Amino acid sequence: MGVSAGSTLLDKNVERLLSEPWGAALAGVQYNKEVLGSLCEQFSRLEPQARRGALQGTLFMRKGQRDSLKEEVRTLVDLATNDKDQWVSLIARALGGLRERFDLQQLQQDVPAVADAVASIRDKIQVDGTPDNYRPMEEMYLSPRLLAAAGGPLCEAPPPTP
């Protein structure tokens, strides 16, 4: 997985992978003590998207990995908790183990990006209608009423089976 031989510098391919959509899933299954150690050493120099990916990669670790790398993951999460990027900090807080009830209002106060995202979602719902409009697309295909409400084509019922 991209740790340079004889060095703790991360391979540029690893940083690029962590920045890509679903790259964290590919990287996380490859995490070991050496990779997590390098991620911790280089964490502050990584781009924000790669830092987010490094944290998200821990979600894709196999159970055996997770069990044997608890300390290394804890170190990575601790490094990220007060990161200057609000989303990195948010992911680290979530990974830090919310042992109590999740308080969205407090999170909105602590992380302005969360407050902006929640406000945007609320505004969109106010403009576009009720949460009924925000159902999974798959449900619309299964519900003629929702499909018609969304302006989709009317479906004919299949003929009854004898």
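Solvent-accessible surface of protein heavy atoms, probed at 1.4 angstrom with all chains present, puts 125, 91 in the order 125, 91, largest first. In the context of the full set of protein chains, segment 31-104 has a per residue accessible area of 59 Å² (1.4 Å probe). Placing 47, 15 in order of accessible area, with the largest value first and a 1.4 Å probe, yields 47, 15. Ranked by the mean number of other Cβ atoms within 10 Å of their residues, highest first, the peptides 36-42, 114-120, 18-24 come out as 36-42, 18-24, 114-120.
Built from the Cα atoms of segment 12-99, the convex hull projects on average onto 5.1 nm², one quarter of its surface area. With a 1.4 Å probe rolled over the protein heavy atoms of all chains, the accessible area of 75, 81 falls in the order 75, 81, largest first.
Size check on segment 22-66: the Cα extents along the three principal axes, sorted descending, read 29, 22, 11 Å.
The values are calculated or read from the model by the stated rules, or taken from the named source; none is laboratory data. Here the structure is a predicted model, which is why all the values come from computation and not from measurement. Positions of Cβ are backbone-derived with ideal geometry, glycine not excepted, and every protein chain shown enters the neighbour counts. These accessible areas exclude ligands, DNA and RNA; they are computed on the full protein's heavy atoms, side chains included. Shrake-Rupley method; radii C 1.70, N 1.55, O 1.52, S 1.80 Å.
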